[in-house]
Amino acid sequence: MIDIQVKDTALVEKECLDAVRDPGAGGTVLFSGTVRNATQGKKVVRLEFEAYEAMAIKEMGKIAQDIVSQWDAFHVSMHHRVGSLAVGETAVIIAVSTPHRKAAFEACEFAIDTLKETVPIWKKEVFEDGEVWVAAHP
Amino acid sequence: MNIRLIAFGIAKDILNTSKMEVALAAPADIKSLKERLTTDYPGFADLAKLSFAVNEEYRDDDFTLKDQDEVVIIPPVSGG
């Protein structure tokens with residue numbers, strides 16, 4: 001099963017774990033990306049996430065499909081938050097269940113790495129004295 | 001021909017709007033739109049990458065645009 005969601009409410013790890021539960025799974029890996037309190041020594045006040053939602057869901061779906069075919073995953077769950085997030089809040093959760101643990105670790109890392117490259121979601125870091133769209137400039 | 005632009009993230013800041021119409025000389029493709037935008041709004045030339053989507057798919061430079069196409073500007077993504 002593939003479970004993809006873009007939400008403007010708090011993400012819940014258990015929902016992703018429940019979505020990938022499978023009696024054939026020997027390993028489940030969950031990655032949780034959270035808002036850090038500083039970037040290069042500068043204090044972060046909050047992050048603002050914006051998504052081109054229809055395409056973001058489509059691109060995350062492609063990643064999940066790749067995981068099912070490359071790592072024989074049973075289930076993939078990807079939830080991404082949008083809106084304004086405070087330090088410590090969860091921005092993204094990815095869970096993958098596979099027959100053996102090694103594949104689950106690899107697939108989960110592939111998922112977050114690829115998401116950061118291809119999924120049309122943007123984050124703005126808000127500092128005490130300004131704000132910046134992350135990765136916009138070289 | 002006219003196309004409808006949709007902007008997200010920093011592209012919205014550069015255009016100062018999230019939606020606008022652009023008149024292009026036909027035939028037009030993504031490349032000609034990109035050239036037009038970077039000329040009219042130099043802020044686009046400073047970006048690490050500038051991509052475009054039509055019908056929720058990334059499109060290459062040689063993708064032909066039609067009148068009334070909705071084109072989404074995809075500045076460098078930074079999800080996760």
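Each value in this text was obtained by applying a stated rule to the coordinates, not by laboratory testing. The structure displayed is predicted, hence computed values, not measured ones. Cβ atoms come from the backbone with ideal geometry, glycine included; neighbour counts cover every protein chain shown.
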Exercise. By how many degrees, between 0 and 90 and to the nearest 10, does the Cα long axis of helix B:30-40 differ from the longest principal axis of chain B?
Worked result: 60 degrees
Exercise. So what's the net charge close to A:Gly130: Lys and Arg +1, Asp and Glu -1, counting the other residues with Cβ under 12 Å from its Cβ?
Worked result: -1
Exercise. Can you list the residues, at least 5 places off or on another chain, whose amide H is less than 5 Å from the amide H of A:Thr39, using H built in the peptide plane?
Worked result: A:Val44
For this session: Find out how many positive minus negative residues lie around A:Ala103, taking Lys and Arg as positive, Asp and Glu as negative, among other residues whose Cβ is under 12 Å from that of A:Ala103.
Result: -1
Exercise. How far, in degrees from 0 to 90, does helix A:53-71 lean away from the longest principal axis of the Cα atoms of chain A, to the nearest 10?
Worked result: 40 degrees
For this session: Grab the eigenvalues of the alpha-carbon gyration tensor for the protein assembly as shown, scale each by 5, take roots, and send me the semi-axes largest first in whole angstrom.
Result: 34, 22, 13
For this session: Could you list the square roots of 5 times each eigenvalue of the Cα gyration tensor of segment B:2-74, that is, the equivalent ellipsoid semi-axes, sorted largest first and rounded to whole Å?
Result: 17, 13, 12
Problem set entry | Gap separating the Cα centres of segment A:87-121 and segment A:1-72, nearest whole Å | 6 Å
Exercise. Along the positive direction of the dipole of segment A:2-130 (beta-carbon charges: Lys, Arg +1; Asp, Glu -1; about the Cα centre), which of A:Thr34, A:Pro120, A:Ala54 reaches farthest?
Worked result: A:Thr34
